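Shown next, in structure tokens, is the structure this report addresses.
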Amino acid sequence: MQYGICNLSIVPLRAEPSDTSELVSQVLYGEHFKVLEQRKKWSKIRIAFDKYEGWIDNKQYLEVTEDIYKESDKEDLILSADLVEFITDDSHLMPIPIGAVLNPLSLFAHQHDGNTVSKIFPKENIIKTSYMYLGAPYLWGGKTPFGIDCSGFTQMVYKLNGYKLLRDASQQATQGEALSFIEESEPGDLAFFDNEEGSIIHVGIIMEDNYIIHAHGKVRIDRIDHSGIFNVETQRHTHRLRVIKKII
């Protein structure tokens, strides 16, 4: 078994070993992973944080020992807390997005002077963190303010508060405790939405007074009711509510 750590800002994780393949997620600076299969140009990896799998370009990560991987698993995460920050070495500086993992700075001989988070915050902080992504454009597979999808948004907001969510909306829907009524929900709970076939396809974060923040075109705030998400601009429902879950 081989192991790796992302030493670049934002690296695409693809469904197949090809530059033209679907973007399924992203690997952010400092995230570590197992290498499940290695080819001449590509490696299939499993990210340690959420066990998500995909293909990454061999030129876009640093191979590490099993000991370093295991040590990274034991450490409490230190995350970049600024929308955009910089890490530096003797020759250049590199931007990193909010949520980048700063634990392996010494491994890369990098320095960082920005704000960090490394603790579990109370549930009330979830909404405060979610506002940092407000207006971020929608990007299938994205995990940063430069482009993010619905489940990438919820995962990163929870991660910055010290909680672990799986990567896709359908996976996140298997976590936590289901609530019977929307009136039972609290700010920070997750609302899940399904399609005509009953598959979970969307997720957002419940706010106060029947509002929801979610990634749809961009990270935006809409109304939520028993039917689903109501877009106040178009005056129509855009997503059908399936379940609300209390994760924290």
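The values are calculated or read from the model by the stated rules, or taken from the named source; none is laboratory data. Since we're looking at a predicted model, the values are computed, not measured. FYI the Cβ positions are ideal-geometry reconstructions off the backbone, even for glycines, and counts take in every protein chain you see. The area values use the complete protein model at the heavy-atom level, side chains included, leaving out ligands, DNA and RNA. Shrake-Rupley method; radii C 1.70, N 1.55, O 1.52, S 1.80 Å.
Observations
- Taken over the range 220-248, the criterion of being in contact (Cβ under 8 Å) with a residue 60 or more places away in the chain and either more than 21 Å from Pro122 (Cβ to Cβ) or assigned to a helix (DSSP H, G or I) (or both) is satisfied by Arg220, Ile221, Arg242, Val243.
- Residue list for the range 188-219, filter: assigned to a loop (DSSP other than H, G, I, E, B), surrounded by fewer than 18 Cβ atoms within 10 Å (Cβ to Cβ) and not charged (D, E, K, R): Asn195, Gly198, Ser199, Gly217
- Single match in Gln171, Gln175 (criterion: surrounded by fewer than 18 Cβ atoms within 10 Å (Cβ to Cβ), part of a loop (DSSP other than H, G, I, E, B) and either of a type in the set (A, V, I, L, M) or modelled with pLDDT of 95 or more (or both)): Gln175
- When the range 74-86 is filtered for residues that are open to solvent by less than 70 Å² (accessible area, probe 1.4 Å) and either touching a Pro at 6+ places or on another chain (Cβ under 8 Å) or of a type in the set (Asp, Glu) (or both), the ones remaining, listed by number, are Ser80, Asp82, Val84, Glu85.
- Being outside any helix (DSSP H, G or I) and either open to solvent by 70 Å² or more (accessible area, probe 1.4 Å) or among the small types (Gly, Ala, Ser) (or both) holds for only one residue in Glu71, Glu16, and it is Glu16.
- Test set (1) open to solvent by less than 70 Å² (accessible area, probe 1.4 Å); (2) touching a residue at least 12 places away in the same chain (Cβ under 8 Å); (3) within 17 Å of Arg220 (Cβ to Cβ) - Leu134 fails condition number: (1)
- Qualifying positions in the range 224-239 - surrounded by 15 or more Cβ atoms within 10 Å (Cβ to Cβ) and either more than 23 Å from the chain's Cα centre (by Cα) or under 23 Å from Leu166 (Cα atoms) (or both): Gly228, Ile229, Phe230, Asn231, His237, His239
- Criterion (of a type outside the set (Ser, Thr, Tyr), within 30 Å of Pro187 (Cβ to Cβ) and at pLDDT 95 or above) met by exactly one of Lys59, Lys51: Lys51
- Count of the range 89-114 residues which are open to solvent by 50 Å² or more (accessible area, probe 1.4 Å) and either of a type in the set (Val, Ile, Thr) or within 18 Å of Gln26 (Cβ to Cβ) (or both): 1
- Residues (in a strand (DSSP E or B), among the hydroxyl-bearing types (Ser, Thr, Tyr) and buried (at least 20 other Cβ atoms within 10 Å of the Cβ)) located in the range 137-167: Thr144
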